[in-house]
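Asks: Sharing a structure, written as structure tokens. Questions coming.
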Amino acid sequence: MLRIVHIDAPQGPTSYNLLAERDYTIGRNEGDIKFPHDPSMKKRHAKLEVSHSIGNLANPMITPTIAITPIVRGAIITATNRGSDEAFDIGEKADIGDGQKFSLGGIPNVFEIHYTPFVAVFSGRIQGEIQLQIQQLGGHSLRQWCKDATHLVTDEVELSLDVCGALLAGKPLVTQGFITKLLSFYKKEINTKPDPQDYLPLVAARSLDTNEPIPASAFKPNPDRASLFQGKTFVLRTMPLLNDSKAVIAAGGWDLRI
């Protein structure tokens, strides 16, 4: 999720969440983000275009970007781009991203861009609508567990490498409904941010020892699992097996040998 933080706001740093693939307007008394008490701010000062191509969803290294553009002549905008401050006027724009800053108005309102990863690994079928929701959240969707993953999305919990990876990494297992509710929260359609633990998928896994159903509580995040196998050695006999398992092995702190 992309957000801008007004770092010198009078009441202290203030965050504004930004959905991808839409525009936001900043102004004195018009727009999505308003500064009614700042006379240096134009009525409609700047436009922010938040971009995150659907083609970027498979690469967590590519995060959403913001193109910032003055709306009216004389709107003062300064952006930190490529390590230096650059001022620009109407007809010009700057593309900025995570960690960069920009300021608006003659009394500089300084904003910093922050990005919080949302990387969903899918075990099962991905609905096209869910892909679009992940795009709007500025997130990513993958088919195999990796170190960047933040959630495992599935309809039913079976014992698999992906499930083991999520458990060892202390990441939540959720249904696709969690993503829908999360987007609704950021759209301000609901007031409460969804709790991943309320969206635990149906548990179909059974104990390997007793064949009894494994209780759902066993699949909730537990950070202690990250060191569960430290000091132990797992010998993998083939390179393909290593390639399929290495992200899960890393999550558990295992010592690898081929």
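Read the figures in this text as sums done on the coordinates, not as results from a lab. Note that this is a predicted model, so its numbers are computed, not measured. Glycine gets a Cβ as well: all are built from the backbone with ideal geometry, and neighbour counts include every protein chain shown.
Asks: From Cα pairs below 8 angstrom and at least 6 apart in sequence, can you work out the relative contact order of the stretch 119-225, rounded to a whole percent?
Replies: 26 percent
Asks: Where q = 0.18, 0.19, 0.22 Å⁻¹, what log10 of I(q)/I(0) comes from the Debye formula for the stretch 2-115, counting one point per Cα?
Replies: -0.88, -0.98, -1.30
Asks: Which one of GLY170, GLY31, GLY128 has the biggest mean-square fluctuation once the chain is modelled by GNM with Cα springs under 10 Å?
Replies: GLY128
Asks: Taking a virtual spin label 7 Å from the Cα of ALA226 along the C-beta vector, which residues in the stretch 95-123 bring their backbone nitrogen under 16 Å of it?
Replies: Counting backbone N atoms under 16 Å from the label point, the list is 117.
Asks: Tell me which residues come under 5 Å, amide H to amide H, from GLU21 once H is placed; ignore anything under 5 positions away on its chain.
Replies: Amide H to amide H, under 5 Å and 5 or more residues apart or across chains, GLU21 pairs with VAL50, SER51, HIS52.
Asks: Whole number please: convex hull volume per residue, Cα atoms of the chain, in Å³.
Replies: On the way: hull volume 43.0 nm³, N = 258.
Dividing the Cα hull volume of the chain by its residues yields 167 Å³.
Asks: Could you check how many percent of all C-alpha pairs in the stretch 94-212 are farther apart than 22 Å?
Replies: 45 percent
Asks: Let me ask you something else. Could you work out the helix-only [θ] at 222 nm for the chain, with each DSSP H run of four or more residues adding -39,500 (n - 2.57) and the total divided by the number of residues, to the nearest 500 deg cm²/dmol?
Replies: -5000 deg cm²/dmol
Asks: Okay, next question. Place a point 7 Å from the Cα of ASP98 along the Cα-to-Cβ direction; which residues of the stretch 1-40 have their backbone N under 16 Å from it?
Replies: 1-5, 18-20, by backbone N distance to the label point.
Asks: Then there is this: Nearest 20 debye, what's the magnitude of the dipole of the chain about its Cα centre given +1 on Lys and Arg Cβ and -1 on Asp and Glu Cβ?
Replies: Around 160 debye, computed over the chain.
Asks: First select every other residue whose beta carbon is under 15 angstrom from the beta carbon of LEU57; then total the charges, Lys and Arg +1, Asp and Glu -1.
Replies: -2
Asks: Another one. If one takes the longest principal axis of the Cα atoms in the chain, at what angle in degrees, from 0 to 90 and to the nearest 10, does the Cα axis of helix 176-186 lie?
Replies: Tilt of helix 176-186: around 20 degrees.
Asks: Then there's this: From Cα pairs below 8 angstrom and at least 6 apart in sequence, can you work out the relative contact order of the chain, rounded to a whole percent?
Replies: Once normalised by length, the contact order is 14 percent.
Asks: Can I ask one more? Cut-off 10 angstrom, C-alpha nodes, Gaussian network model of the chain. Which of SER227, SER141, SER51 fluctuates the most?
Replies: In the Gaussian network model the winner is SER227.
Asks: Further question: Need one number: % antiparallel among DSSP beta bridges in the chain, to the nearest 5.
Replies: Taking every DSSP beta bridge within the chain, about 70 percent pair in antiparallel fashion.
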